[in-house]
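The values are calculated or read from the model by the stated rules, or taken from the named source; none is laboratory data. Note that the structure is a prediction, hence the values are computed from the model and not measured. Glycine also receives a Cβ, built like all others from the backbone with ideal geometry; neighbour counts cover every protein chain displayed. In case anyone asks, the SASA skips ligands and DNA or RNA and just uses the protein heavy atoms, side chains included. Shrake-Rupley method; radii C 1.70, N 1.55, O 1.52, S 1.80 Å.
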Amino acid sequence: MGILYDDAVIIRQSEAEGEPSVITVNCPDKTGLGCDLCRIILFFGLTVVRIDVSTDGRWCYIVFWVVGKPSTRWGLLKKRLIGACPCWSLASGISYYRDELQSPKIPDVFLLKICCHDRRGFLHDVTEVLCELELTIKKVKVSTTPDGKVIDLFFVTDTRELLHTKKRKEDTVDHLKAVLGDGMMSCEIDMVGPEITACAQGPLFLSDTITEDMFNIEPLNEDDQDDSIAFKSASISMDNSFSPSHTLVQIVCQDHKGLLYDVMRTLKDYNIQISYGRFTTKGKSECELDLFIMQSDGKKIVDPSKKNALTSRLQMELSRPLRVAVVSRGPDTELLVANHVELTGQGRPLVFYDITLALKMLNRQIFSAEIGRYMIGDREWEVYRVLLDEGDGSSVSKKEIEQIVWKMLMSWE
């Protein structure tokens, strides 16, 4: 039986407006723990302004300074962070990690079917409710009928693992009813098997031109880069002279929503262990990150090809963490947003939430939407395809849509 005490995560909320709250995590270490914690913090809509990390490879101590919102559910955040921490177990005097002995449980998938009258902002309102209820959208199919009705099919998983119960289903329907009002005609929730999920997850077709432009895995040159939907290239250096067993990685770059998650996700995919790290922000747009890292074999990164590969990957992730494009699809306009999927299969949090919020702010009607996975080479992408209603009389240009959606995703003012 694993042991993990309640004080593994301590949250000290800020006492004055504008001051950061402090989250302290003190638990057994594992490769990728920083990524898992940063994903949860990102999901709760918190901005990390500083971080200190130290570990001996067995036990880690991490402090996050975060800026939240008045509506932040701190108690639930603590519960989710504790759930991400490995448990320390004792058996016959031998210590081991529980996570290494158990395969991760595959969550049940549920089909949420909503039929209602169409209105602007409807899809974002539904997405916001699902986020508040901790229902993760794995796939969505939205379609509008000629008579102005919307049929939404959401394939979701439940973080609380309770959606199979009558009470949780009724609670979900009640929350949706409170937001959608009399416009909601019906709402059904049923568990689905893997064969139905796989069928609904059918391959997405993208033209070669879109694939080449959006999914270019090489960092863009400064001359080719569109600053309105990408960041300036980060300054990344690696030095092996400061430590006999660690490689020092120093990063100076533009700050953005999910920056730490993007860095930690990349290191997790490369099976890199962080022994010490510090992240600080400078002003409103620039940040610095110092990381002492080692490979899974406990050695520093000496091979030039490995150093170049990691540097190139970090450059790409920090300059274009998401891909945004607005293209013509016959006579219609389609918004495409794509992000990398972790090797563990986890997608980036809140992407669909931000997309629908940006379109709601632009007063653009959504005719249909799909979420699916797309393989490019050896990388898996999560692709969001949103077909916009051209009959809504909007005069917003394609370029403006790209820029507004990008700013929402990256948390620019």
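Data for the structure
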{"read-out": "Where a residue in the range 310-331 is on the phi < 0 side of the Ramachandran plot and open to solvent by 30 Å² or more (accessible area, probe 1.4 Å) and its partner, wherever it lies, is of a type outside the set (Asp, Glu) and at pLDDT below 90, with Cβ under 6 Å and at least six apart", "value": "GLN315/PRO219; ARG320/ALA230"}
{"read-out": "Any hit, the range 282-298, residues being surrounded by 17 or more Cβ atoms within 10 Å (Cβ to Cβ), acidic (Asp, Glu) and modelled with pLDDT of 90 or more", "value": "no"}
{"read-out": "Selection status of LYS399, touching a residue at least 60 places away in the same chain (Cβ under 8 Å), open to solvent by 50 Å² or more (accessible area, probe 1.4 Å) and either assigned to a loop (DSSP other than H, G, I, E, B) or out of contact with any Leu (no Cβ under 7 Å at 6 or more places or on another chain) (or both)", "value": "yes"}
{"read-out": "Candidates LYS149, LYS105, LYS113, filtered to the one that is more than 16 Å from PHE352 (Cα to Cα), modelled with pLDDT of 95 or more and not hydrophobic (A, V, I, L, M, F, W, C)", "value": "LYS113"}
{"read-out": "Filtered residue count, the range 149-184, keeping only those that are more than 20 Å from SER368 (Cα to Cα), in contact (Cβ under 8 Å) with a residue 40 or more places away in the chain and in a helix (DSSP H, G or I)", "value": "3"}
{"read-out": "Filter pass, ARG58 being at pLDDT below 90, among the basic types (Lys, Arg) and over 23 Å from THR159 (Cα atoms)", "value": "yes"}
{"read-out": "Any chance LYS257 is part of a loop (DSSP other than H, G, I, E, B) and under 20 Å from the mean Cα position of the chain (by Cα)", "value": "yes"}
{"read-out": "Qualifying residue in the range 376-390 (condition: over 22 Å from LEU37 (Cα atoms), modelled with pLDDT under 90 and assigned to a helix (DSSP H, G or I))", "value": "yes"}
{"read-out": "Filtered residue count, the range 27-42, keeping only those that are at pLDDT 95 or above and open to solvent by 50 Å² or more (accessible area, probe 1.4 Å)", "value": "0"}
{"read-out": "Test: ALA198 is at pLDDT below 80, open to solvent by 50 Å² or more (accessible area, probe 1.4 Å) and either farther than 29 Å from ASP389 by Cβ or of a type in the set (Gly, Ala, Ser) (or both)", "value": "yes"}
